[in-house]
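Visitor: My structure is below; once you've seen it, I'll send some questions.
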Amino acid sequence: AGAAWGGGFDPSSHIDECAAHVCYGCYCSKKGYRDYWHNRDGLGDFCKEYWYNELFRSWFYALGVGVSSLMNIVIKMACIFVTKLEHAHSNTFQEMSISWKMMVALVINTALLPILVGADIREVRS
């Protein structure tokens with residue numbers, strides 16, 4: 001008591017701290033949000049950071065879904081606008097043009113962009 005932190009069981013690495021954090025996450029998730037909310041067994045203080053992080057992660061995912069959905073709507077409107085500027089000779093050709101443009105744009109938006117953003121490219125790293 002009162003001594004400086006010595007770095008856990010293995011002061012030369014953070015392995016024991018990482019394992020303790022994993023156990024902390026397992027414990028708080030297993031006890032559940034209801035026990036945290038009602039402060040059973042003192043979980044209100046102990047698991048506060050864990051549940052705040054879970055809430056932040058959920059909001060972050062919801063924001064990502066919202067942005068992706070909004071972008072898909074904008075892409076649809078842009079494809080329709082550009083296709084109408086082409087002045088197709090029939091509704092069939094106009095609908096085919098809209099469908100083709102939307103297919104390419106949505107594949108790029110929902111598949112290729114997330115892959116490229118998450119890629120670990122050595123030549124691009126600074």
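Visitor: Return the residue satisfying two criteria in turn: it lies in region 30-47 and is surrounded by fewer than 10 Cβ atoms within 10 Å (Cβ to Cβ) and charged (D, E, K, R), and of such residues it is farthest from ILE98 (Cα to Cα). Please lay out each step first, then the result.
Guide: Step one: list which residues in region 30-47 are surrounded by fewer than 10 Cβ atoms within 10 Å (Cβ to Cβ), which gives 30, 34, 42, 45.
This time we only want the ones that are charged (D, E, K, R), so: 30, 34, 45.
Numbers: LYS30: 49, ARG34: 49, ASP45: 55 Å.
The extreme case among them is ASP45.
Visitor: Taking region 1-23 as the search range and keeping residues that are at pLDDT below 70 and assigned to a helix (DSSP H, G or I), which one is least open to solvent (accessible area, probe 1.4 Å)?
Guide: Top of the filtered list is ASP16.
Visitor: Oh, and also: Based on this model, can you work out whether TYR50 counts as open to solvent by 100 Å² or more (accessible area, probe 1.4 Å), touching a Phe, Trp or Tyr at 6+ places or on another chain (Cβ under 8 Å) and modelled with pLDDT under 85?
Guide: Here the answer is no, as TYR50 does not meet what is asked.
Visitor: So, one more: Of the conditions (1) loosely packed, with under 13 Cβ neighbours inside 10 Å; (2) under 19 Å from the mean Cα position of the chain (by Cα), SER68 fails just one. Which one is it?
Guide: (1)
Visitor: While we're on this one: Can you find a residue that is touching a Ser or Thr at 6+ places or on another chain (Cβ under 9 Å) and of a type in the set (A, V, I, L, M) anywhere in region 33-54?
Guide: Within region 33-54, none of the residues are touching a Ser or Thr at 6+ places or on another chain (Cβ under 9 Å) and of a type in the set (A, V, I, L, M).
Visitor: Could you tell me which numbered condition PHE81 fails, if it satisfies all but one of (1) under 30 Å from SER29 (Cβ atoms); (2) part of a helix (DSSP H, G or I)?
Guide: Status for PHE81: all satisfied but (1).
Visitor: Taking the criterion of being among the acidic types (Asp, Glu) and surrounded by 10 or more Cβ atoms within 10 Å (Cβ to Cβ), would at least one residue in region 71-92 satisfy it?
Guide: Yes: one or more hits.
The values are calculated or read from the model by the stated rules, or taken from the named source; none is laboratory data. Please read all numbers here as calculations on a predicted model, not as lab measurements. All Cβ positions, even for glycine, are placed from backbone atoms using ideal geometry, and neighbour counts span all protein chains on display. Surface accessibility is based on the protein's heavy atoms, side chains included, excluding ligands, DNA and RNA. Shrake-Rupley method; radii C 1.70, N 1.55, O 1.52, S 1.80 Å.
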